[in-house]
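First comes the structure, then the notes that go with it.
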Amino acid sequence: MRTPSVYIAEELMPYLRARVAENLYREGMKQSQIAEYLGITQAMVSKYLSGRYKRPPAEVAAKLDSIADEIVKVILFGGNRSEVIVLTARRLFELFQSGFLCRFYADYSGVSEDACRSMFSVQRDRGEVLEVLNLALGELTRLEGFPSLIPEVRSNFAYALSSPRGPEDVAAVPGRITTARGRMFALPPEFGASSFTAGILVEVGRIRPEIRSVLNIRYGGDIEEVLESVGFKVARVKTGGLSEEEAVKAIAAVFESGTYDTVVDEGGLGVEPLTYIFGRDPFEVVDKLRRLVRALEKAE
């Protein structure tokens, strides 16, 4: 049976792997390293670099080239193999969800385009959550002063569906938000891209359903000095020594006594102190961050 997974394996992956291999090789990566990231043999990498691979229709190739560029960026910015696999699977799934690949899959499998679209239908509210978070992320990238607030564990920005049941109902930034050469770098938001940050929103949503977005930044004396001056209601926890599940519940539990703008996690042994900024939606979170950045600038 020519299922979508078979179509991906036979028609899309050879070209996609080849394009990633070519781009990484141009960046100076060794064939053995490329093989490890792609989960193939060095001989196969050599074959791809020689141009011996199947090429899809031009329209499909253009989409795969874009995905290859994203994958290469993730690898060059230190992403691991697991992150590469997740990104690849999600991007290909999105091409089916949008209906773009259905025409080509229909020609390959004999299944109608309508049948293909029904297999990959997506809820409208999920699209809206992704759109809002992506727009707010764009505002975040233009906010001067934010890169200096990204912690060592990196930042993540998340937005949940109403009444999220699990991390799969929370959109976040794959691989988190990081900096390179003084500039912020972030992939487009996706559902299921976070476990810890998403877990916090799931737990908070059970207590305060109106709180659906969060961003984590670093913590320090400078931030401590301006938190209350900007009028934020602040709660504090200390998650050092706790498991991830326990830490998530500890951060969310503060909302049982009220609604807070920020939660300071003082960390502990092996746990970096962090500041979590909460809001009803991503734009509210960015607005709060903007107030914090301005206060920090004035305090300098």
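Sort 33-39, 294-300 by packing, meaning the average of other beta carbons within 10 Å per residue, with the highest value first.
So the order, starting with the most tightly packed, is 33-39, 294-300.
Peptide packing for 98-106, 24-32 was compared via the average number of neighbouring C-beta atoms within 10 Å per residue; ordered from the highest value, the list is 98-106, 24-32.
Rounded, prolate or oblate: which fits the range 124-299 when a ≥ b ≥ c are the square roots of the eigenvalues of the alpha-carbon gyration tensor, with rounded for a/c under 1.5 and prolate only if a/b beats b/c? Verdict is rounded for the range 124-299. Which residue, Ala252, Ala43, Ala158, has the most motion in a Gaussian network model of the chain that connects Cα atoms within less than 10 Å? Greatest mean-square fluctuation among the candidates belongs to Ala43. Across every pair of non-identical alpha carbons in the range 10-101, the mean reciprocal distance, once inverted, gives a Kirkwood radius of 13.3 Å. Taking Rg and Dmax of the Cα atoms in Å as calculated from this structure, the corresponding entry among (i) 17.7, 55; (ii) 21.2, 71; (iii) 21.5, 66 is (iii). Counted over the range 124-299, the DSSP beta bridges are approximately 85% antiparallel.
The alpha carbon centroids of the range 202-236 and the range 266-300 are separated by 7 Å. For the chain, the longest principal axis of the alpha carbon atoms and the long axis of helix 58-76 meet at an angle near 50°.
Peptides 159-167, 147-155 ranked from most to least packed give 159-167, 147-155, packing being the mean of other C-beta atoms within 10 angstrom over each peptide's residues.
Relative contact order of the range 186-296: 33 percent, from C-alpha pairs under 8 Å at least 6 residues apart in sequence.
Rounded to the nearest 500, the 222 nm mean residue ellipticity of the chain from helices alone is -15500 deg cm²/dmol, with -39,500 (n - 2.57) taken per DSSP H run of at least 4 residues.
Measuring spread by the Cα atoms of the range 71-199 yields a radius of gyration and Dmax of 16.5, 54 Å.
Bear in mind these aren't lab numbers, they're just calculated from the coordinates by the rules spelled out. Keep in mind that what you see is a predicted model, and the values were worked out from it rather than measured. Heads up, the Cβs are rebuilt from the backbone with ideal geometry, glycines too, and the neighbour counts pull from every protein chain shown.
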